[in-house]
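Student: Before anything else, here's the structure in question.
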Amino acid sequence: MRLITCHGGKIHTTSADAMRAGRAGVFSFGLTALDRLMPTGLARGSVHEILAAEGSGMTFAVVLAKAATSGGEDGGRGDFKFEISDLGFEIKNQKSKIKNPLPLVWCDPHLTLYPPALAAMGIDLGRVLMVRPGNEADHVWAVAECLRCRGGGATVAGVGTLSRIGARKLQLAAEAGGGVGVLMRPAEMAGENAAATRWLVAPAPSTGGGQRWRVELVHGHGGCVGQPVFLEVRRETGVVRAAPPVVDRPVPQEARA
C-alpha cells in the first residue's frame with residue numbers, strides 16, 4: 001500500500017511500513033482486519049474514542065486496551081495467535097508471549113465493569129487498576145490524572161458530555177504520560193473533540209453462539225475511513241475474531257408455495 005500526503009504544496013508518497021517505522025510510540029491491534037484500517041498504527045500518547053450505544057463498545061474497548069498494554073511497538077502481535085477459520089482470523093490468548101505488559105487503568109464510577117469478563121478475554125487482572133470516582137467532576141479529573149501517569153499503558157473510561165477544554169486537557173495529559181486513552185462515548189457525541197482515532201461500534205446480527213459488532217473507523221489520519229469490520233466474540237472461550245457480515249438469503253422456492 002502506498003500513502004499519499006501533501007505538505008507545502010507538494011505531493012509525497014511513502015509505504016505504510018516506512019511510515020510506521022518513522023513514527024515512535026505506535027501500536028497495532030494484532031488483528032489483520034482491524035490493522036488494515038490503520039496501516040500506520042495507532043498513536044500512543046493520544047486519546048482514542050469509541051462511539052457506541054450504552055454497553056455496545058465495551059468489547060472493542062477491551063480489544064483496543066489489550067493491544068495498547070501488551071508491550072512492544074506492534075502492540076498485540078506478541079499477545080495474539082492467529083488461526084484461519086471459515087469465518088476469518090481468530091485471536092487467542094498467548095499470555096506467555098506478552099512482553100513487558102503495561103498496567104491497565106479502568107475508570108468505572110457506575111460499577112458497570114465485570115472483571116471476570118476481562119479475564120475471559122485474556123486480560124491479566126493482576127495488572128488492572130480500578131478507579132471509582134464519586135461524581136462526574138471527579139471522574140474527568142481522575143481520567144486526566146491516570147493519563148498523565150507515565151507508568152500506565154492505557155486508561156479506559158466512559159465519558160458523556162465533554163467540553164472542548166476538557167477534551168484538550170485529556171489529550172495533553174495523554175501526551176504527558178505517553179499512554180493510551182480509550183474513551184467510550186455515546187454515538188451522538190461524534191465530532192466534539194479531536195481524538196487521534198474515532199471508532200463507531202454498533203451491534204450486528206449474529207449466527208448464534210456469540211455476539212457480533214460492526215466496527216467502523218470514522219476518523220483517523222492515514223486510515224481507511226468508512227470500511228466496516230465485523231467482530232464476533234464467543235462467550236464460552238473469550239475468542240474475538242473478524243467475521244463476514246450476515247447476509248440475507250433468498251427464501252427457498254418450496255417455502256414460498
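Read the figures in this text as sums done on the coordinates, not as results from a lab. Nothing here was measured: the structure is a model prediction, and the numbers come from that model. Don't worry about glycine lacking a Cβ; one is built from the backbone with ideal geometry, like all the others, and counts go over all protein chains shown.
Student: Net charge around Ala176, counting only other residues with Cβ within less than 9 Å of its Cβ (Lys, Arg = +1; Asp, Glu = -1)?
Tutor: Here the charged neighbours net out to +1.
Student: Tell me, Ile165, Ile50, Ile123 in order of fewest to most beta-carbon neighbours within 10 Å?
Tutor: Ranked by crowding around the Cβ, least crowded first: Ile165, Ile123, Ile50.
Student: Just rank Glu216, Glu49, Glu136, Glu188, fewest to most, by other beta-carbon atoms within 10 angstrom.
Tutor: Placing the least packed residue first, the sequence is Glu188, Glu136, Glu216, Glu49.
Student: Based on the Cβ-Cβ distance of Glu136 and Arg36, what FRET efficiency does E = 1/(1 + (r/R0)^6) give at R0 = 35 Å, to the nearest 0.05?
Tutor: Taking R0 as 35 Å, the efficiency between Glu136 and Arg36 is 0.40.
Student: Could you order peptides 145-156, 110-121 by the average number of other Cβ atoms within 10 Å of their residues, highest first?
Tutor: Output ranking for 145-156, 110-121: 145-156, 110-121.
Student: Counting only other residues whose beta carbon sits under 11 Å from that of His110, what net charge do I get with K and R as +1, D and E as -1?
Tutor: -2
Student: Could you list Thr207, Thr40 so that the one with the fewest beta carbons within 10 Å of its beta carbon is first and the one with the most is last?
Tutor: By the 10 Å Cβ count, ascending: Thr207, Thr40.
Student: Could you tally the net charge around Gly226, taking each other residue with its Cβ under 14 Å from the Cβ of Gly226, Lys/Arg +1 and Asp/Glu -1?
Tutor: Net of charged neighbours comes to +2.
Student: Now for a separate question. Which parts of the range 175-189 would a label at His110 reach, counting a residue when its backbone N lies under 19 Å from a point 7 Å out along Cα-to-Cβ?
Tutor: 182-189
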